[in-house]
Amino acid sequence: MIKALLMQDLSAQSQALARGQCSSAELTAAALAAIAASQPHLNAFIHLDAPAALLAARQSDARRAKKRILGPLDGLTLAVKDNIDVAGMPTSAGMATRRGRLASIDAFVVQRLRAAGMVILGKLNMHEAALGATNDNPHFGRCENPLRDGYTPGGSSGGSACAVAAGLCALALGSDTMGSVRIPAAYCGVVGFKASYGRISTAGSVACSPMLDHIGPILRSQRDLQLVLPVISAFDAGCADARDLPDLHALSSPRWVAASDVEQLGTTPEVTAAYRQAIQALRDRGQPVTEIAIGSYDFGRARRAGLLIVEADLLVEHQQDWELQPQLFSAQLARFLKFGEKQPASAYAAAARVVAASHIEVARWFSHGDVMLLPTAPQTAFSFADPVPANQADFTSIANMAGIPALSLPLPCAAGALPAGLQCIAPAGAEATLLALDLQGICTR
């Protein structure tokens with residue numbers, strides 16, 4: 001029963017604890033056993049602290065026995081991407097240069113979840129320096145997609161999506177600079193969420209690009225966000241990039257907008273078919289969907305501009321290590337950084353202008369409706385042996401650039417096939433509308 005519960009969502013696990021069907025200690029022990037069994041193959045974790053996790057679980061059970069639980073997350077398991085600090089655990093950011101560097105305090109979001117009673121299992125595998133979307137890490141080993149051997153889970157939060165999809169934790173934290181929460185969620189068939197810029201504090205994380213970085217949850221269902229987002233979205237006055245945003249009222253019947261021309265923008269036939277079926281399913285419910293062409297926006301140019309900004313920011317973030325031990329950077333990451341070094345300040349300024357133009361494009365989308373629907377990624381997960389598609393982040397990066405919330409939900413697929421993701425995008429501050437979306441029967445989570 002406990003093993004089966006691991007594959008249910010956070011909400012179901014919370015309910016099982018509340019009903020006394022299991023204890024946090026039992027749930028945590030089962031998760032640790034599942035991690036141990038899967039680690040040689042999936043390699044989702046970089047660091048695990050089983051004794052501390054079991055102690056936290058027993059403390060949660062003691063609170064529950066005294067009817068002093070801290071809330072619906074108390075006693076549930078959490079795993080954290082390894083570029084987000086957890087006190088006493090290493091924060092490597094997937095880099096050899098940072099191996100063994102211990103965090104002295106929790107990141108703000110981890111503090112919030114720990115205070116809510118969550119049991120922290122350990123740190124999750126990721127793409128080196130959070131710059132990449134395969135999680136083929138040269139220093140800590142490749143993380144596999146639990147849905148198909150030899151396939152990428154996506155990145156850079158690949159370990160986070162893998163762990164949730166494989167039932168190794170109830171909640172995983174990832175980071176998202178150009179799609180690094182939503183892409184792996186789509187590839188692994190789970191739910192990924194990126195809030196409005198500044199809504200969730202990034203304090204205590206290793207920066208990829210402060211202009212674009214977000215910390216976000218990966219979960220097994222959309223409903224889980226109702227329990228998690230209120231905890232992690234508290235305003236952090238100590239974070240320079242935090243924003244005290246107003247909460248827009250949730251729309252019960254949002255007006256839908258979709259792209260009429262995704263076929264011309266590099267989506268594969270299977271992703272296009274799943275996307276079109278979702279739009280038709282909404283229409284079959286009697287909900288109008290306005291289709292607009294989006295091909296006039298140069299997604300590729302915007303992605304390249306975002307990448308240049310990331311390269312420059314990484315040079316600042318890792319400057320000392322880059323100067324003192326460049327041999328510890330992978331050949332691919334070194335190429336990125338060397339390219340960034342050669343760019344003049346004017347190139348960075350020009351890239352920032354391209355990023356800023358995203359606001360104009362999304363404003364056009366929302367002039368037609370309240371929620372924009374796009375494929376999360378133009379393709380499903382692919383083999384590690386295949387070339388990495390250049391356009392992986394085309395549909396996700398615009399939400400980072402415009403600072404708006406985006407939710408990736410898995411779409412139905414045939415038995416044995418890999419899932420595609422449906423990305424739901426709303427204006428800044430409209431998280432409540434995304435959490436309230438009724439896509440039951442259209443999406444699978």
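For the structure I just gave you, tell me whether LEU27 is assigned to a loop (DSSP other than H, G, I, E, B), in contact with a helix residue (DSSP H, G or I) (Cβ under 8 Å, 6 or more places away or on another chain), over 30 Å from LEU324 (Cα atoms) and modelled with pLDDT of 95 or more.
no
Out of region 82-140, which residues are hydroxyl-bearing (Ser, Thr, Tyr) and either in contact (Cβ under 8 Å) with a residue 60 or more places away in the chain or in contact with a helix residue (DSSP H, G or I) (Cβ under 9 Å, 6 or more places away or on another chain) (or both)? Answer for region 82-140, where residues must be hydroxyl-bearing (Ser, Thr, Tyr) and either in contact (Cβ under 8 Å) with a residue 60 or more places away in the chain or in contact with a helix residue (DSSP H, G or I) (Cβ under 9 Å, 6 or more places away or on another chain) (or both): THR91, SER92, THR97, THR134.
Of all residues in region 311-325, none are polar (S, T, N, Q), in contact (Cβ under 8 Å) with a residue 24 or more places away in the chain and surrounded by 13 or more Cβ atoms within 10 Å (Cβ to Cβ). For the condition in contact (Cβ under 8 Å) with a residue 60 or more places away in the chain and buried (at least 19 other Cβ atoms within 10 Å of the Cβ), SER11 qualifies.
Restricted to region 398-445, and to residues there that are in a loop (DSSP other than H, G, I, E, B) and charged (D, E, K, R), the residue that is nearest to the chain's Cα centre (by Cα) is ARG445.
Scan region 321-331 and tell me whether some residue there is closer than 28 Å to SER196 by Cβ and of a type outside the set (Ser, Thr, Tyr). Within region 321-331, none of the residues are closer than 28 Å to SER196 by Cβ and of a type outside the set (Ser, Thr, Tyr). Restricting attention to region 335-391, the residues that are among the aliphatic types (A, V, I, L, M) and in a strand (DSSP E or B) total 4. Evaluated against (1) out of contact with any helix residue (DSSP H, G or I) (no Cβ under 8 Å at 6 or more places or on another chain); (2) charged (D, E, K, R); (3) farther than 27 Å from ILE215 by Cα; (4) surrounded by 17 or more Cβ atoms within 10 Å (Cβ to Cβ), ARG64 falls short on exactly one condition, (1).
Quick check on my filter: what residues within region 204-232 are over 27 Å from ARG101 (Cα atoms) and touching a residue at least 60 places away in the same chain (Cβ under 8 Å)?
Those that are over 27 Å from ARG101 (Cα atoms) and touching a residue at least 60 places away in the same chain (Cβ under 8 Å): LEU219, ARG220, SER221, GLN222, ARG223, ASP224, LEU225, GLN226, LEU227, VAL228, LEU229, VAL231.
SER330 meets the stated requirement of being hydroxyl-bearing (Ser, Thr, Tyr), closer than 16 Å to GLU128 by Cα and either modelled with pLDDT under 95 or within 24 Å of the chain's Cα centre (by Cα) (or both). Just name the residue that is nearest to THR267 (Cα to Cα) out of those in region 358-394 that are of a type in the set (Gly, Ala, Ser) and in contact (Cβ under 8 Å) with a residue 24 or more places away in the chain. That would be ALA377. Checking the condition closer than 23 Å to ILE84 by Cα and in a loop (DSSP other than H, G, I, E, B), which residue from PRO210, PRO246, PRO217, PRO254 passes? Residue meeting the stated conditions: PRO210. Only residues that are surrounded by 13 or more Cβ atoms within 10 Å (Cβ to Cβ) and either assigned by TED's automatic domain parsing to the domain that holds PRO210 or closer than 27 Å to VAL371 by Cβ (or both) were counted in region 301-310, giving 4. Counting just the residues of region 177-216 that are touching a Ser or Thr at 6+ places or on another chain (Cβ under 7 Å) and among the charged types (D, E, K, R), which one comes out surrounded by the fewest Cβ atoms within 10 Å (Cβ to Cβ)? Once the filter is applied, the top-ranked residue is ASP213.
Within region 343-369, the set of residues being crowded, with 16+ Cβ neighbours inside 10 Å and in contact with a strand residue (DSSP E or B) (Cβ under 9 Å, 6 or more places away or on another chain) comprises VAL362, TRP365, PHE366, GLY369. Among the residues of region 99-124, the ones that are buried (at least 20 other Cβ atoms within 10 Å of the Cβ) and more than 16 Å from SER205 (Cβ to Cβ) come to 6 in all.
The values are calculated or read from the model by the stated rules, or taken from the named source; none is laboratory data. All values reported here derive from a predicted model rather than from experimental measurement. Here Cβ is always computed from backbone atoms with ideal geometry, including for glycine, and neighbour counts include all displayed protein chains.
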